[in-house]
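Some notes on the structure that comes next.
What follows is calculated from the coordinates using simple rules that are stated; it is not laboratory data. Owing to the predicted nature of the structure, the values given are computational and were not obtained by experimental measurement. Don't worry about glycine lacking a Cβ; one is built from the backbone with ideal geometry, like all the others, and counts go over all protein chains shown.
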Amino acid sequence: MLKTEEMGVRLDLSEAEQAFQAAVREYADEFVAPRAAELDSLKRFPIDAMREMAAKGWLAIITPEQYSGLGLGHFDLVLLGEELNRVCPSTGVSWSVHSSLVTSPLITFGSEALKEKYLPVLARCERVGAYCLSEPDYGSDAGGLQCRYQEVEGGYRLKGTKAWITNGPDAQLFLVFATKDPAMRTKGISAFFIDGETEGLSIGKKETKLGIRASSTSQIFLDDVFVPTENLLGEEGRGFHIAMHTLDGGRVGIGTQALGIARGCLEATRAHVLENGLDKHQSVQFGLADMAVQCDAARLLIYRAARLKDLGRPHSREASMAKLFASEAANAAARRAVEIFGNEGIFEGSIVERLFRDAKITEIYEGTSEIQRLVISRFVLK
Ligand SMILES: Cc1cc2nc3c(=O)[nH]c(=O)nc-3n(C[C@H](O)[C@H](O)[C@H](O)COP(=O)(O)OP(=O)(O)OC[C@H]3O[C@@H](n4cnc5c(N)ncnc54)[C@H](O)[C@@H]3O)c2cc1C
């Protein structure tokens, strides 16, 4: 096991990174924050923000320049993600699934033709992307998925149901994981890109959720859907590897979402405390101190995992640690924030009420806290 001091990763920000962080913070404060409560209340997908960010290149941060991207790193995804999630976690996850979960495996595993076909389209938000791994009976145990594919002339045919798919109702491009034979478990799984208008693909009803209500979620039904050979992502049988490789980055993304939520809670609570003269109470002071520690500790873990990813070094353990710690920190910070706000923290329209509801999902998707502990303990016991 690597010791922290042997990792040799930078945790400070370069001048370019600081400038990028300032630009995304300004955008989040000016354009995302004012719309967040209304989008949440109306459960409306943040398509305006997605298009605005596409115009700035922010849906294609890690996409190489030759495919209309900015050619930056996963660390820059973290910088943007923290600022966005601080004010609107619904916008944060919609953006993250599109520009990380769907875009990243295409960059890493896609053929030249597939990259040319879809990366510029994703960069410009001409199609919103969705990542379809989970199924009604297979969430944590994704290796057991049942959605089947069969090889046919010129491609493949897919049949099955995907569940809890973020962006599902608003997406036009689906990254779908399916198996040749469930008995082959992880070895039978392959990954396919499917256009939304393909015959046989249909979208379930939009789910109503506790939190991240402006992010859309649904089932995806595949009824004998034809996928041309060129839309296979990577090699046949490598789908599970692609899914897990992608989730390492995704976990850094959800950790970042949780960090943003914790920081949003800290900032809102600090302002509330000062405005209302609550700063004289020691219990309130200590609450703010705990939230500040949780934010900084989460940020350091996330920065470490993102830097390792950008260096092309193993980071499964670090990504799981970052996601586990940050998601638990976000929930602790949100709980404390609501308590310090008192009455005002309970009512709709208060930012901490929304962040409290939004925080819970960070402990569930892209691997529950139990699954993160399983991953981490395997490294500890190696
Ligand atoms: C709002 C939302 C958005 C989502 N977006 C997407 C998406 O875009 N794409 C996608 O593919 N999926 C998505 N998911 C699915 C999500 O990743 C799964 O819900 C998650 O992995 C948990 O799976 P599950 O709900 O089936 O729980 P289960 O796997 O049934 O787990 C239930 C409980 O048992 C525990 N458990 C299960 N297995 C173990 C084990 N081996 N050891 C210890 N404890 C265990 C879990 O920790 C949990 O507490 C989303 C889910 C939600 C709620």
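I need MET321, MET184 ordered by Cβ neighbour count within 10 Å, fewest first.
With the sparsest Cβ surroundings first, the list reads MET184, MET321.
Take each of the peptides 233-239, 17-23, 354-360, average the number of other beta-carbon atoms within 10 Å over its residues, and list them starting from the highest.
Top of the packing list down: 354-360, 233-239, 17-23.
Rounded, prolate or oblate: pick one for region 4-123, where a ≥ b ≥ c are the square roots of the eigenvalues of its C-alpha gyration tensor, a/c under 1.5 means rounded, and failing that, prolate if a/b is larger than b/c, else oblate.
Taking the square roots of the gyration eigenvalues as a ≥ b ≥ c, region 4-123 is oblate.
Enumerate by residue number the GluC sites (Glu not before Pro) in region 104-154 meeting two conditions: DSSP loop (anything except H, G, I, E, B), and at most 14 other Cβ atoms within 10 Å of the site's Cβ.
Counting only loop positions with at most 14 other Cβ atoms within 10 Å, the GluC sites (Glu not before Pro) in region 104-154 are GLU126, GLU153.
Where Lys and Arg each count +1 and Asp and Glu each count -1, what net charge lies around GLY237 among other residues with Cβ under 15 Å from its Cβ? It would help to have the intermediate numbers written out before the result.
On the way: positive: ARG148, LYS180, ARG185, LYS187, ARG238; negative: GLU151, ASP181, GLU235, GLU236.
Once all neighbours under 15 Å are counted, the net charge is +1.
At a Förster distance of 41 Å, what's the computed FRET efficiency of GLU199 paired with ASP296, Cβ-Cβ distance as r, to 0.05?
Details: r = 51 Å, r/R0 = 1.25.
Result of the calculation: an efficiency of 0.20.
Using Cα atoms only, what is the angle between the long axis of helix 316-341 and the major principal axis of the chain, expressed in degrees (0 to 90) to the nearest 10?
Helix 316-341 sits at roughly 40 degrees to that axis.
Highest mean first, what order results for 95-106, 61-72 on Cβ atoms within 10 Å?
My ranking of the peptides, most packed first, is 95-106, 61-72.
I want to check the label-to-label distance for ASN343 and GLU235. Put each point 7 Å from Cα in the C-beta direction and report it in nm to one decimal.
Roughly 6.6 nm, to one decimal.
Expressed as an acute angle from 0 to 90° and rounded to the nearest 10, what is the orientation of the C-alpha long axis of helix 15-27 relative to the principal long axis of the chain?
Roughly 80 degrees, rounded to the nearest 10.
Using Cα atoms only, what is the angle between the long axis of helix 74-87 and the major principal axis of the chain, expressed in degrees (0 to 90) to the nearest 10?
50
Given R₀ = 25 Å, what would the calculated FRET efficiency be for GLU267 paired with LEU11, taking r from the Cβ atoms and rounding to 0.05?
0.70
Which entries of LYS309/LYS360; LYS43/LYS206; LYS162/LYS206; LYS115/LYS162 have Cα-Cα distances beyond 20 Å here?
LYS309/LYS360; LYS115/LYS162
Mean-square fluctuation check for the chain, GNM, Cα pairs under 10 Å: which of ALA306, ALA191, ALA142 is largest?
ALA142
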